[in-house]
Amino acid sequence: MKRFMLGFVALSCASSLAAQEVGPALDPGQLTGTLAQDHVRWSEARRADKSATRSARQASACSNLPSFRRQYGASHPKVVRLAKLCRKAGY
């Protein structure tokens, strides 16, 4: 029984010493920074794609605003909303 206990203690010490020698596979701080940078790059690329498409559609819709006013009337809810969006976009 005494030999078993000595062997167990020796193995448990050896395994804990070995575990301290090996560093973590991934540093959590480094991984967090990398993920944040990836997300920023992804969101900026997506925003750039949308803004080019959106501005062309907005320009088209806002240039047709006077004809929409004549066709539907200036107080029509969709015309009022379109006018508000065009003002907000700077058209």
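Couple of notes before you dig in:
- Calculation over all alpha carbon pairs of the range 42-89 in 10 angstrom steps from 0 returns a P(r) of 26, 42, 21, 10, 1 percent.
- Label-to-label distance for Ala48 and Lys88 is 2.6 nm, based on points extended 7 Å past Cα in the beta-carbon direction.
- The figure for Val80 is an accessible area of roughly 70 square angstrom, using a 1.4 Å probe on the protein chains alone.
- Residue ranking by accessible heavy-atom surface, 1.4 Å probe, largest first, among Ser63, Ser43 comes out as Ser63, Ser43.
The values are calculated or read from the model by the stated rules, or taken from the named source; none is laboratory data. From a predicted model like this one, the values you see are computed outputs, not experimental measurements. All Cβ positions, glycine included, derive from the backbone under ideal geometry; neighbour counts span all protein chains shown. Remember, those area values only see protein heavy atoms, side chains included, never the ligands or the DNA or RNA. Shrake-Rupley method; radii C 1.70, N 1.55, O 1.52, S 1.80 Å.
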